[in-house]
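Note sheet for the following structure.
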Amino acid sequence: MTVYDAMFWFFGLALLLCGVLVLISRDAVASALFMVLGFVFLAGLYLLLEAWFLALIQILVYAGAIMVLFLFVVMLLDFREPRRWWHGNLLGWLGAPLAVAALLAALLPVLKRAGALAEAPEKWFEGTLENVMTPVFTRYLLPVEITALILLAATIGVVVLGRKETKP
Amino acid sequence: MMHVGLEHYLAVSGALFALGLACIVLRRNALLVFMGLELNLNAANLALVAFSRYGGHAEGQVLATFIIAIAAAEVAIGLAIIVALFRRRATIVTDLLRSLKG
């Protein structure tokens with residue numbers, strides 16, 4: 001087992017452990033913090049995949065900005081956590097394992113063929129800023145503009161949703 | 001033990017997606033349902049980055065970048081909806097919000 005393999009198992013298992021803790025934590029703040037920790041481990045996996053730029057973005061945007069927004073809303077709402085965190089309905093408890101089983105059944109053929117999909121090591125992609133962003137600003141320029149529009153629409157939407165209701 | 005390759009990353013991604021799905025289906029708190037959605041997005045991102053790395057093309061990581069940008073917009077809107085819901089109904093426990101159920 002090489003150092004690379006050991007790091008993969010460490011980051012991967014820590015990430016999944018954080019996912020489980022997000023699922024079963026009673027406290028929403030604890031869930032959000034475990035999710036931040038999980039995103040840090042996910043950034044570690046990105047580093048192992050030599051996706052340097054995405055690892056940075058994962059920490060800056062996801063763990064930094066998005067999860068802080070979550071924590072901010074938890075603070076703002078000041079709700080009481082329900083006594084049990086899970087649904088009481090049978091449909092969920094039957095449906096969730098079924099959905100997961102269906103997902104795994106769909107994934108298994110891909111996993112079996114994955115070794116054949118991988119290219120030779122000298123053709124592997126290195127996710128430097130230049131390598132990732134050059135296609136974004138050349139071939140995928142139109143999607144970038146559309147994304148900018150969506151972000152603008154989201155900003156306006158949040159402002160409208162966050163307004164105090166005025167009696168007509 | 002096998003050498004770590006594409007299939008290992010895909011397995012982690014699948015497991016993370018399953019956890020996010022369980023979070024969406026089982027949790028009662030609307031905020032946690034939303035966090036499950038984020039887990040799903042990140043599982044998809046991990047699969048995309050792994051495919052991009054081992055397949056030797058940039059598109060996967062380009063798409064992952066877009067997903068992160070859209071996720072930021074989606075989180076802002078979703079949390080605004082949850083805050084508006086809490087203001088109006090004073091709860092975010094999903095099985096208490098059933099006025100649409102006939």
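Since every read-out is calculated from the coordinates, none of them should be taken as a lab result. Since we're looking at a predicted model, the values are computed, not measured. Reconstructed Cβ throughout: ideal geometry from the backbone, glycine too, with neighbour counts over all protein chains shown.
Cα axis of helix B:59-89 to longest principal axis of chain B: angle in degrees, 0 to 90, nearest 10?
Orientation of helix B:59-89: about 10 degrees from the principal axis.
Explain nothing, just the number: dipole magnitude of the protein assembly as shown about its Cα centre with +1 on each Lys and Arg Cβ and -1 on each Asp and Glu Cβ, in debye rounded to the nearest 20.
Using Cβ point charges on Lys, Arg, Asp and Glu, the protein assembly as shown gives about 1420 debye.
Please give the calculated 222 nm ellipticity per residue for the protein assembly as shown, where each DSSP H segment of at least 4 residues contributes -39500 (n - 2.57) and the sum is spread over every residue; nearest 500 deg cm²/dmol?
The per-residue figure over the protein assembly as shown is -25000 deg cm²/dmol.
Using the membrane-span-like helix rule (whole DSSP H runs, Cα extent along the own axis of at least 20 Å, mean Kyte-Doolittle hydropathy at least 0.0), which helices of chain A qualify?
A:3-24, A:28-48, A:90-117, A:141-162
So what's the angle, to the nearest 10 degrees on a 0 to 90 scale, between helix B:30-55 and the longest Cα principal axis of chain B?
Helix B:30-55 and the main axis of chain B meet at about 10 degrees.
When the Kirkwood hydrodynamic radius is evaluated over all pairs of different C-alpha atoms of the stretch B:6-90, what value in angstrom, to one decimal, is obtained?
On the way: mean 1/r = 0.0717 Å⁻¹.
Result for the stretch B:6-90 stands at 13.9 Å.
Sort B:Thr65, A:Thr147, A:Thr128 so the one with the fewest other Cβ atoms within 10 Å of its own Cβ comes first.
A:Thr128, A:Thr147, B:Thr65
Would you kindly state the longest site-free stretch of chain A, with sites defined as trypsin sites (Lys or Arg not before Pro) in a DSSP loop (not H, G, I, E, B) surrounded by at most 16 other Cβ atoms within 10 Å? Please report the intermediate quantities before stating the final value.
Values: sites that count: A:Arg26, A:Arg80, A:Arg83, A:Arg84, A:Arg139, A:Arg163, A:Lys164.
Looking at chain A, A:85-138 is the longest stretch - no exposed trypsin sites (Lys or Arg not before Pro) with at most 16 other Cβ atoms within 10 Å.
Taking Cα centroids, how far is the stretch A:50-74 from the stretch B:38-79 in Å?
One Cα centre to the other: 12 Å.
Across the Cα atoms of the protein assembly as shown, what radius of gyration and what greatest pairwise Cα-Cα distance (Dmax) are found, in Å?
Reported Rg and Dmax, both Å: 19.6, 69.
Can you give me the angle between helix B:6-26 and the longest principal axis of chain B, using Cα atoms only, in degrees from 0 to 90, rounded to the nearest 10?
10 degrees
Could you calculate the FRET efficiency of B:Thr94 with A:Val110 from 1/(1 + (r/R0)^6), where r is the beta carbon distance between them and R0 is 30 Å, rounded to 0.05? Mind dumping the intermediate values first?
On the way: r = 32 Å, r/R0 = 1.08.
That gives a FRET efficiency of 0.40.
Please identify the trypsin sites (Lys or Arg not before Pro) of the stretch B:8-102 that satisfy two criteria: DSSP loop assignment and at most 13 other Cβ atoms within 10 Å. Which are they? Please report the intermediate quantities before stating the final value.
Working: sites: B:Arg27, B:Arg28, B:Arg53, B:Arg87, B:Arg88, B:Arg89, B:Arg98, B:Lys101; in loops: B:Arg28, B:Arg98, B:Lys101.
Loop-located and lightly packed - B:Arg98, B:Lys101.
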